[in-house]
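Undergrad: Would you mind keeping the following structure in view while I ask a few things?
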């Protein structure tokens, strides 16, 4: 058994998959190869969201691409009155997210299977916040990723199309239809992508001038705007 674990690590499998868990926001999350391993830099996305709402507020929140559920579950622990919906195209990822939500006692999060906003078509109850850490690695860069990511984590969760911005365009285009006036859109961006994401927002002419927020490493990580 122990030798098998060593062999898996020698072969490049991420430690989080081997032990089956990863900490995010000081909370333990179960992870498996159906979901990307939560990264510390994504905590910046949560921090920005929590600066918008007070702990006693009751915002309606939509997460696009929930994966392990780390973002939605963390927001639910910090904003106990929030109404949270979380979408993912992968049924296996949703199964992991539901298991994590159950283990943290978060039974009120609505998990929905589907691609981006498609499962919400016909619903017209707008949200106070749409939040997402979408796939953002350009397809031609994937072969050059570290083996632990390239060979083990789900490509559907990090392949961002030809220029890495495919999902940003899709989210930004449809988000105004699902946001209240003044409702916020928060998107995590890959290294060097912040201004490109902000430009996509500006071009819709439906959002405020975006703010780009750096993570603890000084990398432009979160792009923040609101519907006007």
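Undergrad: If you take the residues of region 65-102 that are part of a loop (DSSP other than H, G, I, E, B) and within 12 Å of the chain's Cα centre (by Cα), which of them is farthest from residue 31 (Cα to Cα)?
TA: The selected residue is 65.
Undergrad: Does region 124-135 contain at least one residue that is at pLDDT below 95 and under 21 Å from residue 69 (Cβ atoms)?
TA: Within region 124-135 (the criterion being at pLDDT below 95 and under 21 Å from residue 69 (Cβ atoms)), the answer is no, since none of the residues qualifies.
Undergrad: Which of the residues spanning region 193-212 are assigned to a strand (DSSP E or B) and under 15 Å from residue 132 (Cβ atoms)? Reasoning before the result, please.
TA: From region 193-212, those assigned to a strand (DSSP E or B) are 207, 211-212; that's our starting set.
If the condition is that a residue be assigned to a strand (DSSP E or B) and under 15 Å from residue 132 (Cβ atoms), then 207 is the only one that fits.
Undergrad: I've got another one for you. Within region 35-48, is there a residue that is under 21 Å from the mean Cα position of the chain (by Cα), outside any loop (DSSP other than H, G, I, E, B) and closer than 17 Å to residue 93 by Cα?
TA: Within region 35-48, the first condition is being under 21 Å from the mean Cα position of the chain (by Cα), and the residues that meet it are 35-48.
Those still in the list that are outside any loop (DSSP other than H, G, I, E, B) too: 40-48.
After this cut, where a residue has to be closer than 17 Å to residue 93 by Cα as well, the list is none.
Checking region 35-48: not a single residue is under 21 Å from the mean Cα position of the chain (by Cα), outside any loop (DSSP other than H, G, I, E, B) and closer than 17 Å to residue 93 by Cα.
Undergrad: Now for a separate question. Considering only residues of region 16-34 that are assigned to a helix (DSSP H, G or I) and out of contact with any helix residue (DSSP H, G or I) (no Cβ under 7 Å at 6 or more places or on another chain), which is nearest to residue 218 (Cα to Cα)?
TA: 16
Undergrad: Also: When you go through (1) surrounded by 22 or more Cβ atoms within 10 Å (Cβ to Cβ); (2) touching a helix residue (DSSP H, G or I) at 6+ places or on another chain (Cβ under 8 Å) one by one for residue 175, which number turns out not to apply?
TA: Unmet condition: (2).
Undergrad: A further question on this structure: State which residue is surrounded by the most Cβ atoms within 10 Å (Cβ to Cβ) when the search covers only region 103-138 and only residues that are more than 25 Å from residue 224 (Cβ to Cβ) and more than 19 Å from the chain's Cα centre (by Cα).
TA: 103
Undergrad: Restrict the check to region 121-137 and report whether at least one residue is out of contact with any helix residue (DSSP H, G or I) (no Cβ under 9 Å at 6 or more places or on another chain) and either in contact (Cβ under 8 Å) with a residue 60 or more places away in the chain or at positive phi (or both).
TA: yes
Undergrad: Any residue in region 1-28 that is at negative phi and surrounded by 11 or more Cβ atoms within 10 Å (Cβ to Cβ) sitting within a Cβ distance under 8 Å of a residue that is modelled with pLDDT under 85 and in a helix (DSSP H, G or I)? List the pairs, counting only those 6 or more apart or interchain.
TA: That search, which allows pairs on different chains as well, returns 18/5.
The values are calculated or read from the model by the stated rules, or taken from the named source; none is laboratory data. The structure displayed is predicted, hence computed values, not measured ones. Please note: Cβ atoms are built from the backbone with ideal geometry, for glycine as well, and neighbour counts cover all protein chains shown.
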